[in-house]
Amino acid sequence: MDSGTHVVMGLGIAGLSTLDPVMSQSTATFHAVMIGTLVGSVIPDIDTVLKLKNNAIYIRNHRGITHSLPATLLWPCVITIILNYLFPSSFLLHVFLWTLFSVFLHVFVDIFNAYGTQAIRPISKKWVALCIIPIFDPAIFGLHFIGLAFWYFTDHAGVIFLTIYMLLIVYYILRTYQYHQTKKALMKELPNLIEIYLSPNIRMYSYHFAAKSKDQFYVGKLDGKAVFIIDQFDRPPVPSSDLVLSAKQDKNIRAFLSFSPIYRWELKSFDYGYELRFIDLRYYVPGHYPFVAVALLSKDLTIESSYTGWVFSEKKLRKKLIAQTHMK
């Protein structure tokens, strides 16, 4: 989910915690729990700072180890130890359990969007992405915002957020059912598909999809059970040539290929060398696929420059690649 939603969810869990009788008995415990649930709800995304290093490291690691099984247990331990120092009279076990719930819920809701997480690491480094809820869901954010407003004017935070979370459980069940029905509709329209990737839009019953058959890629959108094809591409295999093998040694290309499950490739030849581009088909804006990895290679197959990330302007991409070339 987006950072704003994680913040309101942390506050919502703090409101829910008022159902715990200990909260009314110990003001220190409630203050510690409020801080713990708020920090716990955002701390798995601390790896966002990796973007300051470079896109390759960020793409390979964001929502990786910080969302893993060991981290889900480690974060509450670290937060609780610090809070115990700040609030020594608080009930340590209650602070830990509510903080643990907050961290767990962060990781749990993240697996429902198209980006996903490595939530079962170290058992597996596989990205778990259920593609059921959009990155920002107005229903989830809106219900929390309404709950916080009611909490401000009343003393019934526990009942308010218990009701909200029961409604959200129903909402997740409905969206999951809708996802599977939509996928069935796509399979009925294109029965030769072997892989499908749905990306939910903010509006219910609306999805972007990228899919592949044995020899074709398909990109389109679904409104309910109506299927609209936007693009269709041939699907030649990525060649095992020396050029491609050399490009795959580059950190940006490796990061892209480790993250993207469905992409097409383009190879262009120039007087100075070659350009190899990989294009993620899951992300689409009108007339453009913005998430790419590009490598420029000389005639002797030396990598001159490369880039991976979001590209909304070909001109800016060229500037980035040229700047790298001049730095060498």
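The values are calculated or read from the model by the stated rules, or taken from the named source; none is laboratory data. It should be emphasised that the depicted structure is a prediction, and the values quoted were computed from it without experimental measurement. We place every Cβ from the backbone using ideal geometry, glycine too, and count neighbours over all the protein chains shown. These accessible areas exclude ligands, DNA and RNA; they are computed on the full protein's heavy atoms, side chains included. Shrake-Rupley method; radii C 1.70, N 1.55, O 1.52, S 1.80 Å.
Can you give the FRET efficiency for R60 and F312, using 1/(1 + (r/R0)^6), R0 = 25 Å, r = Cβ-Cβ distance, to the nearest 0.05?
0.70
Could you work out how much longer the chain between K319 and T27 gets when fully extended? Use 0.36 nm per residue separation minus the Cα distance between them, nm to one decimal.
99.5 nm
Pairing the Cα long axis of helix 157-189 with the longest principal axis of the chain, what angle in degrees results, from 0 to 90 and rounded to the nearest 10?
Between helix and principal axis, roughly 30 degrees.
Using only protein heavy atoms and a 1.4 Å probe, report how much of D242 is accessible, in Å² to the nearest 10.
For D242, the solvent-accessible surface is approximately 110 Å².
Quick check: Cα centre of region 1-62 to Cα centre of region 178-238, how many Å?
Going from one Cα centre to the other spans 35 Å.
Output the 0 to 90 degree angle, nearest 10, between the alpha-carbon long axis of helix 138-153 and the longest principal axis computed from the alpha carbons of the chain.
Tilt of helix 138-153: around 20 degrees.
Decide, for region 86-189, between rounded, prolate and oblate: order the square roots of the alpha carbon gyration tensor eigenvalues as a ≥ b ≥ c, take rounded if a/c falls under 1.5, and otherwise choose prolate if a/b is larger than b/c, else oblate.
It comes out oblate by the Cα gyration axes.
Straight-line reach from K315: which aspartates and glutamates have a Cα under 20 Å away, not including same-chain ones fewer than 8 places off?
Counting by Cα, and skipping residues close in sequence, K315 has these aspartates and glutamates nearby: E266, D271, E275, D280, E304.
Rolling a 1.4 angstrom probe over the protein chains, ignoring ligands and nucleic acids, what is the accessible area of R203 in square angstrom, nearest 10?
Approximately 140 Å² for this residue.
Hey, what did the chain get for relative contact order, percent, Cα under 8 Å, at least 6 apart?
Reported relative contact order: 13 percent.
Percent of accessible area on the chain owned by carbon and sulfur, 1.4 Å probe?
67
Quick one: if the Förster radius is 41 Å, what FRET efficiency do L92 and S3 give, using the C-beta to C-beta distance and rounding to 0.05?
FRET efficiency, L92 to S3: 0.90.
Accessible area of F96, 1.4 Å probe, to the nearest 10 Å²?
50
List the pair-distance distribution P(r) of region 164-286, using every Cα-Cα distance, as the percent of pairs falling in each 10 Å bin from 0 up to the bin containing the longest distance, rounded to whole percents.
Answer for region 164-286: a P(r) of 11, 35, 28, 17, 7, 1, 0 percent.
So for the pair L301, S213, with labels modelled 7 Å out along Cα→Cβ, what separation do we get in nm?
My value for the distance between the label points is 3.4 nm.
For E189, E266, give me the order by solvent-accessible area with a 1.4 Å probe, most accessible first, ignoring ligands, DNA and RNA.
Solvent-accessible surface, decreasing: E189, E266.
Note down the net charge around L168, summing +1 for each Lys or Arg and -1 for each Asp or Glu among other residues with Cβ under 11 Å from its Cβ.
Spelling it out: positives minus negatives among the neighbours equals 0.
At 1.4 Å probe size, put F278, F104 in order of accessible surface, largest to smallest.
Sorted descending by solvent-accessible area, the residues read F104, F278.
How far is helix 27-42 tilted, in degrees, relative to the longest principal axis of the Cα atoms in the chain, given as a value from 0 to 90 rounded to the nearest 10?
So the helix axis and the longest Cα principal axis differ by about 10 degrees.
Before rounding to the nearest 500, sum -39500 (n - 2.57) across all DSSP H runs of length at least 4 in the chain and divide by the residue total; then give [θ] at 222 nm in deg cm²/dmol.
When only DSSP H runs of four or more count, the value is -15500 deg cm²/dmol.
Just list whichever of K221/K316; K51/K126; K125/K319 have alpha carbons separated by over 32 Å in the model shown.
K125/K319
What nm value, rounded to one decimal, do you get for the distance between D271 and K51 when each label is placed 7 Å out toward the C-beta?
With each label placed 7 Å out from Cα toward Cβ, I get 3.9 nm.
Considering only the other residues whose Cβ falls under 15 Å of the Cβ of F136, what net charge follows from Lys and Arg at +1 and Asp and Glu at -1?
-2
Measure off 7 Å from each Cα along the Cα-to-Cβ vector at F108 and L245, then give the distance between these two points in nanometres to one decimal.
4.8
Just to confirm, what accessible area per residue do you get for the chain at 1.4 Å probe, in whole Å²?
Roughly 51 Å² per residue, with all protein chains present.
If you stretched the chain out fully between F153 and A226, how much longer would it get, using 0.36 nm times the residue separation minus the C-alpha to C-alpha distance?
Stretched fully, the F153-A226 segment lengthens by 21.8 nm.
Could you tell me what a quarter of the Cα convex hull surface of the chain works out to, in nm² with one decimal place?
19.6
How long is region 218-306 along each principal axis, judged by its Cα atoms, biggest number first, in Å?
Ordered largest first, region 218-306 gives principal extents of 50, 25, 22 Å.
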